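The block underneath contains the structure these notes are about, expressed in structure tokens.
What follows is calculated from the coordinates using simple rules that are stated; it is not laboratory data. If you're wondering where the values come from, they're calculated on a predicted model, not measured in any experiment. Neighbour counts are summed over all protein chains in view; Cβ atoms, including those assigned to glycine, are modelled from backbone coordinates with ideal geometry.
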There are 2 protein chains.
Amino acid sequence: MAFKVGLLGLGTVGGGVAQILLDAKGRSPLLQDVKLHRVGVRSLDKPRSVDVPEALLTTDLEGIVTDPDVDIVVEVIGGLEPARSLMLQAIAHGKHVVTANKAAIARFGPELFDAAKAKGVYIMLEAAVGGGIPIVQPLKQSLGGDRLNALLGIVNGTTNYILSRMAAEGADFAAVLADAQALGYAEADPTADVDGLDAADKIAILASLAFGGRVNREQVVCEGIRQVSATDIAYAQKLGFVIKLLAIAARQPGTDGQDALSLRVHPTLVPLGHPLARVDGAYNAIFVEGEPIGQVMFFGPGAGAGPTASAVVSDILNVAGSMQGRDRDGAAPLHPLLSCSHHDFFPIAPAEDLHSRFFVRFLTQDMPGVIGRIGTCFGDRGVSLESLVQTEVKGDEAQVVVVTHTVRQGDFQAAIAAIEQDACIRKVDSILRVL
Amino acid sequence: MAFKVGLLGLGTVGGGVAQILLDAKGRSPLLQDVKLHRVGVRSLDKPRSVDVPEALLTTDLEGIVTDPDVDIVVEVIGGLEPARSLMLQAIAHGKHVVTANKAAIARFGPELFDAAKAKGVYIMLEAAVGGGIPIVQPLKQSLGGDRLNALLGIVNGTTNYILSRMAAEGADFAAVLADAQALGYAEADPTADVDGLDAADKIAILASLAFGGRVNREQVVCEGIRQVSATDIAYAQKLGFVIKLLAIAARQPGTDGQDALSLRVHPTLVPLGHPLARVDGAYNAIFVEGEPIGQVMFFGPGAGAGPTASAVVSDILNVAGSMQGRDRDGAAPLHPLLSCSHHDFFPIAPAEDLHSRFFVRFLTQDMPGVIGRIGTCFGDRGVSLESLVQTEVKGDEAQVVVVTHTVRQGDFQAAIAAIEQDACIRKVDSILRVL
């Protein structure tokens, strides 16, 4: 019995999905049982890159999500609405949902998953994070024996492209951004990418999968890359680091003895020997640390029609496979590893309790005793230093670069506040976290 | 209803598996439904690292694989026999099988999978390749929408450790091997690792999963790393390469218009910019190329109790999840993505039809015209050269290093045979393939 797909959207990703479904040869044999049944588009007579039979096309998206013949709805129109309403409607009509929509899942996940659970259908979202990289599936199905401690991702291709070029060319952010926009690697309004919002959506989703609890997207602490300068990158290189925008979810001991989750997106100094340090250009990678597995990393293309379509189709196949031989209208339970089982929100660690290494760059007066005064400000607040280097003297000003040991963020901030009060400090130029 | 595990073997990996099953907190909730039911060991009173209740232990392995209460048999005793017979017996008694036994699967795969299919049970083998790295699961469940073209793996930790140290220290193979043996990174009899046999077992398994056909282990062309010299590594570095033992399965056009599979294990010059070039020490990585996904890589610990146990437990969870809610004695079909569906052997490309770049190092007489004669030998057989460098002259001898473009292996070998006949060639020192 064919498994019927209702596809919402025939843009870049939707076109890629249709292309795979219409040309199954050489792919999984299970694709023979999957049929593209209807395709919802905004306009019927737009030219398209993929040759979809005209009879399948419709502008009536509601007609697709309520069509009794459709088994699974694939949502690749993106945006918050009408994507959310269409997914809810599809679920209400007993259809499984596959989506690439990180923004909608990060915001409306609890509502969507509650609805899916009530109706006994799957919501699948491999394509929402990391483009073609299999990561959602491995988190659900391959790492169940592990207690995960941390998940670190380079999950935004645009910012990784910009940072890679800044490092290679010694160029400043604004210049590379402008060029990336001209080349189509960054959007005209780059906010979602360069301010880390897209990465924050993705880490909210990944954290929920990795740590088995719901995550409130608003609790992700988010810093983008606008303030990263060519000077920071150059100093980081001298110290053996490369700067990457990391999305991080890590378990840390909470104040009440319970573990809490630290959830954040920020530019980070990554040691050159770390596997994430070599992930350049538009590639993405997700690095996972757990017990007893140790460290694993998933690397691949973070975006693009083909890779994202590959992820969408793998979700379709998993649902089709899991439903095969089950009574479609019966009460067969869902596969527990594919469906969402958690309901409680994971406690989030307050930002000041975060433990991290820090990199700070100061401009100081060039006079005896400055280093001692800086060192004392840190020491008095329990912030121990790994290195403190006075690197450049220009006129009566000196550049000082400090890397701390792992310290509590609250203590570090108190030390910085004290340092900023010191008359011999001209300016705290930049503060970055160090992996 | 608890899902009951019969564990065969309580060595390194078995101990790791027991440890996870007996301490489920913080791992997948599905582990609550999985119970360690019996554990087969060789001797009851051996001291063990893991605290298994004595009542579970038995030396009667046959009693476990025929126990009507056991749902799934986990085979981690290794070796060919009695592992094969015990797995067949377990299958005959309707039990699912999870194994970490690459040697047995690579050799007896068809027999085991036929038996499993006849009885409607799963054989799962995530732990057989790449230790803790999720790779079998992603190949089965995440890349079904793709047409895979090539799979390249660093799948043997011992040889990767030896080659990494040779490169870092400029040391020769024999010295590093001896040290690796002293440190426990290589076995007293290192044949299976350094001659590429272990990697060949693994690529046979991976090729079968990636290309959807059965693979005859004997058809894997296999070269180990004994002949790789410090001199080769040094020249490779100068040319921008690092030498890795790669296990390769790649689709190539066959002579009859049908695709054939090229299956091989050999030391390979990998360009420094390639993601596999950075995989050092005992780490493993599997690099997959397909359409439309592009390039993805899976990286992690290739061996060890913890990582391998993590892979075994993920298999147990997938079988338990897939059986949940199904009538255990009923005729419910298996999940098509988890079970093995192919029966035909994939046609294997003859070695001489392989297309590859080659690296050759000669010792020649230092006299005018040698370069021209070498160049002509290659050119006459249709082998075009990327670079030809005379690098060192000692007395009346010169060292010549050649890198070819991608050429047919048969043509390349004919050229080498002709060159060896030339009176001014003292010796062909080494021939390696180039990625």
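General observations
- Relative to the longest principal axis of the Cα atoms of chain B, the long axis of helix B:370-380 makes an angle of roughly 60 degrees.
- Above-threshold pairs, the threshold being 29 Å between Cα atoms, out of A:LYS95/B:LYS117; B:LYS4/B:LYS117; A:LYS117/B:LYS202; A:LYS238/A:LYS427; A:LYS25/A:LYS244; B:LYS238/B:LYS394: A:LYS95/B:LYS117; A:LYS117/B:LYS202; A:LYS25/A:LYS244
- Most fluctuating residue given options B:LEU183, B:LEU263, B:LEU61, as computed from a GNM of chain B linking Cα atoms under 10 Å: B:LEU183
- Note on chain A: Cα Rg divided by 2.2 N^0.38 Å, N the number of residues, gives 1.10.
- The range B:178-236 gives an Rg/Rh value of 1.10, both radii derived from C-alpha positions and Rh following Kirkwood.
- Note on the range A:283-435: Cα convex hull, mean projected area over all directions, 15.2 nm².
- Averaged over B:125-136, number of beta-carbon atoms from partner chains that fall within 10 Å: 3
- Put in line by how crowded their Cβ is, counting other Cβ atoms within 10 Å and starting with the fewest, A:CYS340, A:CYS222 read A:CYS222, A:CYS340.
- The spacing between the range A:228-243 and the range A:62-110, judged by their C-alpha centroids, is 43 Å.
- Nonlocal amide H pairs with A:GLU392, under 5 Å, H built at 1.01 Å: A:GLN399
- Over the residues of chain B, the helix contribution to mean residue ellipticity at 222 nm works out to -10000 deg cm²/dmol, using -39500 (n - 2.57) for each DSSP H run of at least 4.
- Per-q log10 I(q)/I(0), the range A:86-182, q = 0.18, 0.21 Å⁻¹ (Debye; single scatterer per alpha-carbon; no solvent): -0.92, -1.06
- Exercise: per-residue mean of other protein chain Cβ atoms within 10 Å, B:276-289: 2
- Using alpha-carbon coordinates, inclination of helix B:305-323 to the longest axis of chain B, degrees: 50
- Helix A:157-169 axis, angle to chain A major axis (alpha carbon atoms, nearest 10°): 40
- Nearest-first distances (nm) between copies at A:THR12, label 7 Å from Cα via Cβ: 4.5
- Taking a ≥ b ≥ c as the square roots of the eigenvalues of the alpha carbon gyration tensor, the range A:46-137 is oblate, as a/c is not under 1.5 and a/b does not beat b/c.
- In this structure, B:ALA188 and B:SER49 have a Cβ-Cβ separation that, at R0 = 22 Å, corresponds to a calculated FRET efficiency of about 0.50.
- Distances from B:ALA92 to itself in the other copies, using label points 7 Å out along the Cα-Cβ axis, amount to 5.8 nm in increasing order.
- Per-q log10 I(q)/I(0), the range A:1-92, q = 0.13 Å⁻¹ (Debye; single scatterer per alpha-carbon; no solvent): -0.40
- Evaluated over the Cα positions of the range B:127-183, the convex hull gives a direction-averaged projected area, one quarter of its surface, of 5.5 nm².
- Its residue count N sets the reference 2.2 N^0.38 Å, and the alpha-carbon radius of gyration of the range B:354-434 equals 1.00 times that reference.
- The calculated P(r) of the range A:136-301, using every Cα pair and 10 Å bins from 0, goes 11, 39, 34, 15, 2, 0 in percent.
- For the protein assembly as shown, fraction of C-alpha pairs farther apart than 54 Å, in %: 16
- Net charge, B:CYS222 excluded, C-beta distance under 11 Å - Lys, Arg +1, Asp, Glu -1: -3
- From phi via Karplus (6.51, -1.76, 1.60), per-residue ³J(HN,Hα) for the range B:145-152 in Hz, x at Gly/Pro: x, 9, 9, 7, 10, 7, 9, 10
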